[in-house]
Structures are given as C-alpha cells and as structure tokens.
1. Rank 184, 147, 45 by mean-square fluctuation in a GNM of the chain with C-alpha springs under 10 angstrom and give only the top-ranked residue.
2. What ranking of 105, 165, 21 emerges when the number of other C-beta atoms within 10 Å of each C-beta is taken as an exposure proxy, fewest first?
3. Skipping prolines and chain starts, which residues have an amide H placed within reach, meaning under 5 Å, of the one on residue 151, given they are 5 or more residues away or on another chain?
4. Residue farthest toward the positive end of the dipole of the chain, with Cβ of Lys/Arg at +1 and Asp/Glu at -1: which of 127, 150, 224?
5. Could you give the angle, 0 to 90 degrees to the nearest 10, between helix 155-175's Cα long axis and the longest principal axis of the Cα atoms of the chain?
6. Where is the GNM fluctuation largest for the chain (alpha-carbon springs, 10 angstrom cutoff): 193, 134, 107?
7. Pairs of Cα atoms under 8 Å, at least six residues apart: use those to get the relative contact order of the chain, whole percent.
8. Hey, what do the phi angles of segment 65-77 turn into as Karplus ³J(HN,Hα) couplings, whole Hz, using 6.51/-1.76/1.60 and θ = phi - 60°, x for Gly and Pro?
Amino acid sequence: MKTTNKLRLPGIAGIVLALMMVVAFGLDFAIIATTGGDPAFNLANIGPDLLRAQSSVIWPVETWVYALMIVPFSVFALGVYWVLRTENDKGLPAIGVVTTLIFWMFSTLHNAAILTVLQVFVPSYAAGHPAATSIEVSARGLLNFGNTLFTPGGGVGTLLLVIGMAVIGRATLTGGQLPRGTGNLAIACAAFSLLGYLQYVSSALFFLGLIGWVFYIIWITWVAIRLLRA
C-alpha cells in the first residue's frame with residue numbers, strides 16, 4: 001500500500017464510523033429491552049408503537065446516531081477510493097464508492113423519516129384523540145417512504161449496498177492494494193445483504209441481512225486500520 005499521510009483522516013473516519021455502528025447496534029438492543037419491541041414501527045398497527053416510542057429516550061438517540069453515520073463514511077470513502085484506484089483501473093473503485101455513498105444517502109433519508117415521526121408526531125399523539133387518526137396516517141406515509149428507500153435487509157438502499165460492496169470486493173481482489181481478505185469480506189457482505197431480502201418471504205430470515213451488516217462493520221474496521229497503518 002502506498003504510504004501517504006492523506007489516508008490518516010479517512011482511516012480515523014472509518015474507525016469512528018465502525019464505533020458508531022457498534023454503538024447503534026447496542027442501542028437497538030437497549031430499545032428492545034426497555035420498550036418491549038424492536039426499533040421499527042409496525043405500520044400495520046402503528047398506534048401502539050407511537051405510544052411505545054413516547055416512553056423511550058433511547059430511540060431518538062439511536063436514530064440520530066444512524067443518521068449521522070454518513071458524515072464519517074463520506075471521509076472514509078475517499079480513502080477507500082484513493083487506495084483502490086490504479087492507473088489502469090479507476091472505474092471499479094469509483095463505481096463501488098459512489099454506489100455505497102448513495103446507499104448511505106438513502107439510509108440517512110430513511111432515518112430522517114423516523115426522526116420526524118419521533119420528534120414531531122410521537123409527542124403529540126394520544127390514542128382516542130380526534131387528531132390521532134390523522135397523525136397515524138401521516139406517520140405511516142412518511143415511514144413507508146423511508147422504508148422504500150432503505151430498511152435493514154430491504155428497500156432500494158440494500159440493493160445499492162450489495163452492488164457497491166460486490167464491486168469494491170472485486171476491485172480489491174484484482175488490484176492488490178488492500179488485503180485479499182478484505183475483498184472476500186466485502187463480497188460476503190454483499191451476498192448476505194442480498195439474502196436479507198428473503199425476509200419478505202419469511203421474517204425469520206431477517207438474520208441473514210443482519211450477518212451482512214456485521215460483515216460490513218468488520219470490513220470497515222479492517223480497512224480503516226489498514227489506512228491508518230499506511
């Protein structure tokens with residue numbers, strides 16, 4: 001790997017991103033433990049979840065952490081591109097990095113929709129109130145829009161992550177600028193993220209997409225450390 005100080009900041013950003021992802025993961029389980037349900041609204045029966053969210057101070061914090069991840073990723077992505085590009089092949093790294101950046105944009109919009117519900121609709125919701133129905137309809141519509149862009153293991157965003165990580169994995173294996181293990185891990189992330197779509201067949205298969213997310217965290221950490229060592 002070419003030695004250059006310009007990779008230090010992307011490396012630090014990658015470590016920050018990985019830490020944010022781990023923290024958000026932990027907050028997901030904290031929401032489950034404190035509210036009795038997962039950190040996703042049940043759109044088929046949204047009223048009880050709006051009430052459940054009123055009692056949670058963790059839920060907005062978790063969503064903010066997810067929404068802000070695009071900031072360190074944008075810096076980290078530059079380092080990934082600088083390392084993977086070669087004189088003869090700048091196309092694959094560019095496609096991979098840009099595609100994953102668009103994925104993060106979709107993810108951010110998804111979380112922005114959740115934040116709007118948590119901070120605008122949830123505080124004013126009261127079951128049985130004349131305005132309750134309109135709040136439920138508005139919240140459901142906004143969350144549906146966000147879930148179309150991205151939802152863990154689904155939405156358009158997951159497909160973008162699949163394409164981006166598959167391309168980055170291919171660029172890694174052919175370029176030799178990063179350890180081959182990171183290339184294989186990127187492809188594994190893409191494969192399991194794609195398998196996450198099977199949750200639409202059976203919700204029990206959601207864990208496949210979750211494995212892909214874990215692989216993604218490990219890949220980011222590994223690559224970030226390599227950037228720092230450069």
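1. 45
2. So the residues, fewest neighbours to most, are 105, 21, 165.
3. Long-range HN contacts for residue 151: 157, 158.
4. Value computed over the given set: 224.
5. 10 degrees
6. Comparing 193, 134, 107 in a Gaussian network model of the chain, the most mobile one is 134.
7. 26 percent
8. 4, 4, 5, 8, 4, 5, 5, x, 4, 4, 6, 4, 4
Values in this text are rule-based calculations from the coordinates and carry no lab data. No experiment lies behind these values; they were computed from the predicted model shown. Because the Cβ atoms are built from the backbone with ideal geometry, glycine has one as well, and the counts that use them run over all protein chains shown.
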